[in-house]
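Take a look at the structure set out below.
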Amino acid sequence: MRLCATGRPVRRTWTVELRPQRGGPVMACPDCPMASRRLPLGTAAVRPAVVGHLAAHARSDALPAHLRTCQCHARGCHWHPRHRGCSGPILLVLTCERGGRLWRLTDACTACAHATAHSAIVPESTLTTPSPLPRLPRRRRRRREPREPGSAVRVREMLSYLAAALPPPTTASARLLAVQCALRSNSPGRLWIPTGLLKGLRMGPGSAPWQELEQARWLRCLPTAPSSGRPGVAAQLLDATILTQAPGLRDRARAADWALRATSHASLRGQQAPARLVTLTLHAHLSPGDVDGVLEADRLAHVCAMTSSTLHAVLNSIAAAGALASWAHDPATEDITWSLPCHQPDRQGACPDGGQIPARGDRDLQGPTATPAR
């Protein structure tokens with residue numbers, strides 16, 4: 001007997017083309033019944049609309065992880081230069097081509113994703129909803145263990161995604177702030193950054209990084225009532241359809257705390273925001289327990305939004321400050337290798353301004369509707 005599958009195969013590649021027109025570009029999607037959609041002028045307004053549209057397709061055409069394949073390999077690998085072949089887990093990759101006129105969201109293996117230029121890995125948990133688990137009697141419930149991925153993986157994925165979601169001129173300070181906002185927001189995209197955490201980030205309410213993210217239409221600062229008695233900044237993520245649908249609010253808050261501590265070591269106190277951003281990126285690309293790492297030079301420059309010369313200068317500054325034991329650039333492989341000092345960043349260290357970093361279980365670190373971690 002021959003089996004016959006009658007189900008329609010689920011597509012895992014979605015593209016959007018921006019066609020310049022008078023009065024603003026037109027977004028054309030071949031998978032939508034609507035022929036086109038006019039967008040307002042300005043890159044800051046176009047990016048959220050395009051990314052949100054592609055995310056809607058990914059959620060509607062969901063597929064179990066074991067059935068997903070590398071779409072790049074299925075199309076002959078024309079999206080990137082030749083490499084050693086497909087390998088690694090299947091990832092969701094966002095790519096921008098033709099100077100921003102063509103955007104693509106697709107499934108690709110880890111090797112193809114890293115070989116594709118102008119691309120970013122979208123965190124997998126942002127587009128899926130976990131299946132409900134059966135309710136257990138209270139006496140049988142066990143203490144919740146941290147979910148995978150770990151803090152470093154979450155921060156690495158978020159840095160990669162922000163490299164594509166934010167405009168290239170966005171400064172390092174704004175990118176560090178965006179990492180904290182994305183990881184500390186709740187499901188509706190609301191977040192609260194207390195004053196103590198703002199001191200650790202070296203930025204106050206209404207500072208330039210907040211204005212940058214507002215001008216990029218990535219978030220919107222919300223007014224706070226004077227009677228609340230909670231000094232800080234409240235904000236709403238405008239890119240919430242991509243960044244804040246992930247489960248595991250405690251895990252994301254733990255990753256945000258890890259990112260803050262990685263950039264608050266004593267050796268970085270005299271360094272500017274670009275040095276802290278590069279240091280965070282290097283730490284996020286290390287395996288647990290490792291002090292030596294290797295990463296493609298162009299990928300590191302893309303994630304940090306820096307030119308090669310600027311990146312080399314920042315790495316020299318970090319090494320001179322003692323945050324790196326050594327680093328080197330191999331012209332043959334175009335890889336950057338680095339080694340951390342023998343001492344790891346202090347997990348219980350102080351903020352650069354002298355104040356203590358809030359504890360991991362603080363309610364303020366996890367959004368207004370979060371439950372404090374045990």
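Every read-out reported here was derived from the displayed coordinates using simple, explicitly stated rules and does not represent laboratory data. Remember, predicted model here, so these are calculated numbers, not experimental data. Cβ atoms come from the backbone with ideal geometry, glycine included; neighbour counts cover every protein chain shown.
Backbone amide hydrogens, once placed in the peptide plane, bring residue 102 within less than 5 Å of 18, 97, excluding anything fewer than 5 places away on its chain. Computed extension gain for residue 320 through residue 118, at 0.36 nm per residue and net of the alpha carbon distance, reaches 69.6 nm.
Local charge for residue 190 was computed over the other residues whose Cβ lies under 12 Å away, with Lys and Arg +1 and Asp and Glu -1, and equals +2.
Residue by residue, the range 154-162 carries 3J(HN,Hα) couplings of 4, 5, 4, 5, 5, 4, 5, 5, 5 Hz when phi is fed to the Karplus relation 6.51 cos²θ - 1.76 cosθ + 1.60 (θ = phi - 60°); x denotes Gly or Pro. Computed from backbone phi, the HN-Hα couplings of the range 167-184 come to x, x, x, 4, 6, 5, 4, 5, 5, 5, 5, 5, 4, 5, 5, 5, 7, 9 Hz, rounded to whole numbers (Karplus: 6.51 cos²θ - 1.76 cosθ + 1.60, θ = phi - 60°; Gly and Pro given as x). Each residue of the range 263-272 was assigned a 3J(HN,Hα) from its phi angle through the Karplus expression (A = 6.51, B = -1.76, C = 1.60, θ = phi - 60°), giving 9, 10, 5, 4, 5, 9, 5, x, 9, 7 Hz with x at Gly and Pro. Backbone N atoms of the range 92-109 closer than 17 Å to the 7 Å Cα→Cβ label point of residue 21 belong to residues 101-102. Charged neighbours of residue 325, selected by a Cβ distance under 14 Å, balance to -2 (K, R count +1; D, E count -1).
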